[in-house]
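Chemist: Sharing a structure here in structure tokens format.
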Amino acid sequence: MAELYTVSDLHLSLPDMTRKPLLGAAPRLEILKGLSFTIPSGEILGIVGGSGSGKSTLGRALIRLLEPTAGSISFAGLDITHLPESRLRPLRCRFQMIFQDPMSSLNPRQQVAQIIAGPLGVQGLDHSPARIADALDQVGLPRSFAQRYPHELSGGQRQRIGIARAIALKPEFILADEIVSGLDVSSQAQILNLLAGLVKDLGMTLAFISHDLSVIRRLCTRVLVLQHGRIVENAATEQVFNYPQAEYTRELLGSIPLPDPDQAWL
């Protein structure tokens, strides 16, 4: 299986605004500390860790919403570590993000058709009503939803619109950051089933960030465990859950009650 991403000795620092002086720049806080791993095409990678572990920062670095301080990120054989925005722009249709809170990521003044069409238009791609209808079909929503506004939809429906907006660009990679954390259990299961089906049907690669280990176990084929910006575990999902190697991983597994792994809800 070909590697879609190759990450080597990745470091990323951000301004520490909690220690910003009255004059001058804020000191830098190192968030990611020497991460190296690969993501094969077609994989569903789970990224887990406690608050402040760097998992969301890592996700944003992978799609170059944040620029690394050191190390390298290669996407489909292309070094994107320090590419300027002018060269990243045409690549952005190839890696997309689904955000945690759809109400803050969907323009409340736009109808669903405009929301889905916007990124397509920016990339100079077909954003015809037929393309919008196809995206809605793929996420299991009626085509009539194209004329609705975000506030007219449920939380699960809004998250499906976020997914439709991402997959309409036909990306090779999607980053999903805590996208089911605000949904009820039934809606969570539906969204996870949808994502698993889309990965299989469309041949995409998915990185799924979550604090919910039961979700990770059901959805992901491999798990990356972060602690304080470092990788402490990187292995197949069942190996991580059944034979964790790192003490921190054992603590995570011990602190969160897991449902019966044989329960067929996904």
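Values in this text are rule-based calculations from the coordinates and carry no lab data. Owing to the predicted nature of the structure, the values given are computational and were not obtained by experimental measurement. With ideal geometry, Cβ positions are generated from the backbone for all residues, glycine too; neighbour counts draw on all protein chains shown.
Chemist: Which FRET efficiency value, to the nearest 0.05, do you get for H11 and A76 by plugging their Cβ-Cβ distance into 1/(1 + (r/R0)^6) with R0 = 25 Å?
Modeler: Details: r = 22 Å, r/R0 = 0.89.
Efficiency, rounded to the nearest 0.05: 0.65.
Chemist: Taking only Cα atoms and a 10 Å spring cutoff, compute GNM fluctuations for the chain and point out the largest among G52, G71, G24.
Modeler: Greatest mean-square fluctuation among the candidates belongs to G24.
Chemist: I'm a student and want to see the number: the projected area of the Cα convex hull of the stretch 111-248, averaged over all directions, in nm². Mind showing how you got there, number by number?
Modeler: Details: hull surface 37.7 nm².
The Cα convex hull of the stretch 111-248, projected and averaged over all directions, gives 9.4 nm².
Chemist: Quote to one decimal, in nm, the extra length available between D134 and H228 on full extension: 0.36 nm per residue of separation minus the C-alpha distance between them.
Modeler: 29.7 nm
Chemist: Taking every DSSP beta bridge that has both residues in the chain, what percent is antiparallel when rounded to the nearest 5?
Modeler: Numbers: 23 of 41 bridges.
Counting DSSP beta bridges with both partners in the chain, the antiparallel share is about 55 percent.
Chemist: Under 14 Å from the Cβ of P129, count the other residues' Cβ atoms, weight Lys and Arg +1, Asp and Glu -1, and hand me the total. Show your work: numbers first, answer last.
Modeler: Details: positive: R131, R143; negative: D126, D134, D137.
Summing Lys and Arg as +1 and Asp and Glu as -1 gives -1.
Chemist: Let me ask something else about it. Place the peptides 231-244, 89-102 in order of packing, highest mean first, counting for every residue the other Cβ atoms within 10 Å and averaging per peptide. Walk me through the numbers on the way to the answer.
Modeler: Numbers: 231-244: 16.9, 89-102: 18.5.
Put in order of decreasing packing, that is 89-102, 231-244.
Chemist: Can you list the HN-Hα couplings for the stretch 165-172, worked out from phi with the Karplus curve (6.51, -1.76, 1.60; θ = phi - 60°), rounded to whole Hz and with x for Gly and Pro?
Modeler: Result, ordered by residue: 4, 6, 6, 4, 7, 6, x, 8 Hz.
Chemist: Between L169, L219, L153, find the one with the highest GNM mean-square fluctuation for the chain; connect C-alpha pairs within less than 10 Å.
Modeler: It is L153.
Chemist: Where a ≥ b ≥ c are the square roots of the eigenvalues of the C-alpha gyration tensor, would you call the stretch 138-179 rounded, which needs a/c under 1.5, or, failing that, prolate if a/b is larger than b/c, or oblate?
Modeler: Numbers: a/c = 2.58, a/b = 1.47, b/c = 1.75.
Here the stretch 138-179 falls in the oblate category.
Chemist: Principal axes first, then extents: for the Cα atoms of the stretch 63-139, list largest minus smallest coordinate on each axis, whole Å, largest first.
Modeler: 41, 26, 22
Chemist: Could you check the simple spin-label distance between E85 and S36, using points 7 Å along Cα→Cβ, in nm with one decimal?
Modeler: Between E85 and S36, the simple spin-label model gives 3.3 nm.
Chemist: A follow-up question, please. Just to be sure I understand: if I project the alpha-carbon convex hull of the chain onto a plane and average over all orientations, what area do I get in nm²? Walk me through the intermediate numbers first.
Modeler: Details: hull surface 62.4 nm².
Averaged projected hull area, Cα only: 15.6 nm².
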